[in-house]
């Protein structure tokens, strides 16, 4: 399988650009090497338009309409499939805050079940409810601040502000857990390890790298068997390519290691992660990257509710039952896990009793940690 990866909406560490709230990754997959087999046909399309390469942003709707039949022809011959993955950048700031401050491994005032089971998603949404744009921006800036003193001072201020808003949550138990967790973070900011220590650490938590995790899982999902041969070409960008390469190598090395985070939590299945190295190329040197740019441009607009010309509909129709999408966002988390909780069977009396015993043990540990704070 051949995979071509491009992204759109890149703003680096700036998560609050109102014009680009989403980071998009497009992954075009094909059973044949588009860089070789589609080269002559794409050269003819370029010549038709009088351009050196196909770039959707430069061509615009009018340019794409002019070559719509040519693109449909390529689709029929090579049957490429486009998968689109998104990261809601402002939401990522809040999710990143929660994952660090409410990690029960670092913050003992947090319940084990509230972080290492699907209950974490309920609690995350309640914590997110307390944020506004300004506080989310402050939380992110502190997260990427490599100066420990200023980052910890800001973390204290953010947690104190959130604590004043906890009463907005109607559920008493949630108020107790969230309030205790925030107060413990205020008293022990250095133990939270909230901020990044180096610029390399900052790159590792950007939406570009977080979204690339989803890309690698998507590629693994497209491969039919473990250690299948795959060729992955990624658009060359000096800022994030090294971090993307490191992530891909980590996944490949952990392919045979079972990764489970807790009961009911998603299991990370890396068995089909390819061990072939990622190839970084400019779109000037890859037909596949030219084509994924076009597909991503079209589907980005489709997902944003922008009406497409009828000439492009056949290209979209060809992907309806083939392409996959996924999204890292608060709305996505809410929709995904609401269904999961709705479909849970009623617990048996034995399960309820076992849960009470776990809760009592964890609550005793939590209260003891708070008392010693």
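The values are calculated or read from the model by the stated rules, or taken from the named source; none is laboratory data. Owing to the predicted nature of the structure, the values given are computational and were not obtained by experimental measurement. Backbone-built Cβ (ideal geometry, glycine too); neighbour counts: all protein chains shown.
Number of residues in region 53-78 that are in a loop (DSSP other than H, G, I, E, B) and over 21 Å from residue 8 (Cα atoms): the value is 1.
On the basis of being within 28 Å of residue 44 (Cα to Cα) and either at pLDDT 95 or above or buried (at least 21 other Cβ atoms within 10 Å of the Cβ) (or both), does residue 300 make the cut? Against the criterion (within 28 Å of residue 44 (Cα to Cα) and either at pLDDT 95 or above or buried (at least 21 other Cβ atoms within 10 Å of the Cβ) (or both)), residue 300 qualifies.
Report yes if residue 122 is within 30 Å of residue 372 (Cα to Cα) and either at pLDDT 95 or above or surrounded by fewer than 19 Cβ atoms within 10 Å (Cβ to Cβ) (or both), otherwise no.
For residue 122, the condition - within 30 Å of residue 372 (Cα to Cα) and either at pLDDT 95 or above or surrounded by fewer than 19 Cβ atoms within 10 Å (Cβ to Cβ) (or both) - is met.
Would you point out which residue out of 220, 230 is closer than 30 Å to residue 252 by Cβ, touching a residue at least 12 places away in the same chain (Cβ under 8 Å), crowded, with 18+ Cβ neighbours inside 10 Å and more than 20 Å from the chain's Cα centre (by Cα)? That would be 230, the only listed residue that is closer than 30 Å to residue 252 by Cβ, touching a residue at least 12 places away in the same chain (Cβ under 8 Å), crowded, with 18+ Cβ neighbours inside 10 Å and more than 20 Å from the chain's Cα centre (by Cα). Can you find, within region 125-166, the residue that is farthest from the chain's Cα centre (by Cα) among those that are surrounded by fewer than 16 Cβ atoms within 10 Å (Cβ to Cβ) and assigned to a loop (DSSP other than H, G, I, E, B)? If we take residues in region 125-166 being surrounded by fewer than 16 Cβ atoms within 10 Å (Cβ to Cβ) and assigned to a loop (DSSP other than H, G, I, E, B), then 147 is farthest from the chain's Cα centre (by Cα).
So that you can scan it fast, the table gives a plain yes or no per residue for (1) under 22 Å from the mean Cα position of the chain (by Cα); (2) modelled with pLDDT under 95:
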site: 292; (1), (2): yes, no
site: 326; (1), (2): yes, yes
site: 336; (1), (2): yes, yes
site: 344; (1), (2): no, yes
